Amino acid sequence: MIGDDFTVSVNGYSLGGALSLLFGFYASTDERFTKNGPVKIFTYGAPYIGGHTFADAFRHQECARKVLFARFHNNNDLFAHIPPNVKPTRRGTPYAHAGVDVKLFPVPGRVSCRGSRSPAVKYNRKLPPVKAYFDGLKKNILLNTTWPWKMNATHGLPELQQRLAMAVQLANDAEDNLLHKTLEELYDELVFKNNSE
């Protein structure tokens, strides 16, 4: 039997990340899981799992302070950008991410066109259809892939762990104040502050 003072945190990698997001969203709708605080979800290299309607429902739970979600992914990880997201729809593209996005870049010494950079942190807000379409194209599998022989390594857990370790190290020296915040503080800054204005 679980005591009365628990909170729920879920995490998963790749397909497990997609399943973690689904479970976390489901749990956020049940008072038994949210009475002591929001459900926290952390995914690593997870693909899209829903469209704009799912993202809207997820944002509703976020604004109700029932769920907090951080999505970590490598910048050129093919699997974090599937399925292909190019077909125009009346809401933009068929699929949409939710939560706080943390894009991780290669560790120094690895070949990269962009060089090594601090993690990019952003909140996936609801966008008008044209902006949503171009945002979907920017996050599309075709623009976020690597060489075919590096696909497994780029998506692999060891690579993700190295990039996370480097991100923590870079965050200590970074001027971007978002990199020094907890998930709760990120939501206060990026979501709740903007909704109250």
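The values are calculated or read from the model by the stated rules, or taken from the named source; none is laboratory data. Just so it is clear, the structure is predicted and the values come from calculations on it, not from any experiment. Cβ: placed from backbone, ideal geometry, glycine included. Neighbour counts: every protein chain shown. Areas reflect the complete protein model, heavy atoms only, side chains present, ligands, DNA and RNA absent. Shrake-Rupley method; radii C 1.70, N 1.55, O 1.52, S 1.80 Å.
Before we move on, is T145 within 18 Å of L78 (Cβ to Cβ), among the β-branched types (V, I, T), modelled with pLDDT of 75 or more and touching a strand residue (DSSP E or B) at 6+ places or on another chain (Cβ under 7 Å)?
Details: within 18 Å of L78 (Cβ to Cβ): yes; among the β-branched types (V, I, T): yes; modelled with pLDDT of 75 or more: yes; touching a strand residue (DSSP E or B) at 6+ places or on another chain (Cβ under 7 Å): no.
The answer is no for T145.
Restricting P106, P84 to those that are crowded, with 18+ Cβ neighbours inside 10 Å, under 18 Å from the mean Cα position of the chain (by Cα) and of a type outside the set (F, W, Y) reduces the list to P106. State which residue is farthest from A165 (Cα to Cα) when the search covers only region 70-81 and only residues that are open to solvent by less than 10 Å² (accessible area, probe 1.4 Å) and of a type in the set (A, V, I, L, M). By that ranking, first place goes to A80. Taken as a whole, region 172-185 holds at least one residue that is modelled with pLDDT of 90 or more, in contact with a Leu (Cβ under 9 Å, 6 or more places away or on another chain), surrounded by 15 or more Cβ atoms within 10 Å (Cβ to Cβ) and within 22 Å of P47 (Cα to Cα). Taking region 37-69 as the range and being open to solvent by less than 20 Å² (accessible area, probe 1.4 Å), under 22 Å from T89 (Cβ atoms) and not in a loop (DSSP other than H, G, I, E, B) as the test, the residues that pass are A55, F58.
Among the residues of region 151-163 satisfying the criterion of being surrounded by fewer than 17 Cβ atoms within 10 Å (Cβ to Cβ) and in contact (Cβ under 8 Å) with a residue 40 or more places away in the chain, which is farthest from A120 (Cα to Cα)? Explain how you work it out, then say what you get.
From region 151-163, those surrounded by fewer than 17 Cβ atoms within 10 Å (Cβ to Cβ) are 151-153, 157-158, 161-162; that's our starting set.
Adding the requirement that they be in contact (Cβ under 8 Å) with a residue 40 or more places away in the chain leaves 151, 157, 162.
On the way: M151: 21, L157: 19, Q162: 16 Å.
Per the criteria, the residue is M151.
Condition check: closer than 22 Å to E159 by Cα and surrounded by fewer than 23 Cβ atoms within 10 Å (Cβ to Cβ). Does D101 satisfy that? So D101 passes the test.
In contact with a helix residue (DSSP H, G or I) (Cβ under 7 Å, 6 or more places away or on another chain) and at pLDDT 90 or above: does that describe K35? Before you say what the answer is, go through the steps one by one.
On the way: in contact with a helix residue (DSSP H, G or I) (Cβ under 7 Å, 6 or more places away or on another chain): no; at pLDDT 90 or above: yes.
Answer is no for this residue.
Only residues that are open to solvent by 20 Å² or more (accessible area, probe 1.4 Å), outside any strand (DSSP E or B) and small (G, A, S): list them for region 1-36, please. Answer for region 1-36, where residues must be open to solvent by 20 Å² or more (accessible area, probe 1.4 Å), outside any strand (DSSP E or B) and small (G, A, S): G3, S14, G16.
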